[in-house]
Amino acid sequence: MPVRARPLSPHLQIYRWQIGNTLSILHRFTGVFLGFGFLALAYWFVALATDARSYRSAAHLFASPVGLLAMLGWTFAFFYHFLNGVRHLLWDVGQGFERAERRASGWMAVIGASVLSLGVWLLLWHFHRF
Amino acid sequence: MSLRSPLGQVLGLGSAKSGTGHWWAQRVSAIALIPLCLWFMFSLLLLPSLDYLTMRAWLQWPVSGFLAILLVAVVAYHSYLGTTVIVEDYVHTEGYKMPGLVLLRFVHVLVAGVAIFAILRIAFGP
């Protein structure tokens, strides 16, 4: 089929980059990233179901630099997707649509996710439980 | 009587080719995940240790084993719904889109099945 250049409506480039679209993209990105976290979680359950040796090697993998970095990322992705998801649910019932409210809740999701991730890792660090 | 033309009725279904069912399922699974995720996170944080024996004992307790299975099932469903929308939005070639959607479904069912089977083995194991 011949591809014809069809007229386009105002395209992506003419829009200014702002917090709304950034957070929307981040929501999808963290969602996909958490999907890989789900894969890791499944691996962890399988290792736990197999035997103590498999569990140790899984724990070893998660405690490696790459593993820790991934888990740090999953922690932030989880809290962000969680808080921003609640933000979406509030929009779905018609709450918080004003410009100022949208911006405030957006920043709350980002800052809240950062603070909560930091909190969880400080707790884990404090108790040395990984 | 619908005021839409027959062509509009056929073409106007969007990239998902369906109505609001998917959207609604996404919201319902999101709401279900709020308590499940909070339970999972607080459980892991409050356990005295994350070693092999503690974790197994925790999952062998019926309530935790059951909730862990629910968590895996709902996470898989929610993830499947979300990634499906992404494929529908960005993959425009039917030759990639349809196999991509089938692959997504297979992978989600496979991973969820493996995880749930593992939890059952722990729950009913020694």
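The values are calculated or read from the model by the stated rules, or taken from the named source; none is laboratory data. Here the structure is a predicted model, which is why all the values come from computation and not from measurement. So basically every Cβ, Gly included, is an ideal-geometry build from the backbone, and we count neighbours across all protein chains shown. Surface accessibility is based on the protein's heavy atoms, side chains included, excluding ligands, DNA and RNA. Shrake-Rupley method; radii C 1.70, N 1.55, O 1.52, S 1.80 Å.
Scanning region A:42-73 for residues being open to solvent by 40 Å² or more (accessible area, probe 1.4 Å) and either within 25 Å of B:Phe106 (Cα to Cα) or hydrophobic (A, V, I, L, M, F, W, C) (or both) gives a total of 11. Among the residues of region B:110-126, the ones that are open to solvent by less than 20 Å² (accessible area, probe 1.4 Å) and part of a loop (DSSP other than H, G, I, E, B) come to 0 in all. Applying a threshold of 6 Å to beta carbon distances and a minimum spacing of six or more residues, or different chains, the list of pairs starting in region B:73-94 at a residue that is without any contact (Cβ under 8 Å) to a residue 24 or more places away in the chain and ending at one that is small (Gly, Ala, Ser) and part of a helix (DSSP H, G or I) reads B:Val87/B:Gly100; B:Val91/B:Gly100. Applying the criterion of at least 3 residues that are open to solvent by less than 60 Å² (accessible area, probe 1.4 Å), touching a helix residue (DSSP H, G or I) at 6+ places or on another chain (Cβ under 7 Å) and under 23 Å from A:Ser117 (Cβ atoms) to the helices (runs of 4 or more DSSP H) found wholly in region B:15-109 leaves B:21-46, B:62-90. Condition check for B:Leu67 on (1) at the interface with chain A (Cβ under 9 Å from one of its Cβ atoms); (2) over 23 Å from A:Val32 (Cβ atoms): one failure, at (1). Among the residues of region B:32-64, those identified as facing chain A (nearest Cβ under 9 Å) and of a type in the set (Ser, Thr, Tyr) are B:Ser49, B:Tyr52. Within region A:65-87, no residue that is of a type in the set (Val, Ile, Thr) sits with its Cβ atom under 8 Å from a residue that is open to solvent by 50 Å² or more (accessible area, probe 1.4 Å) and not in a helix (DSSP H, G or I) at 6+ positions apart or across chains.
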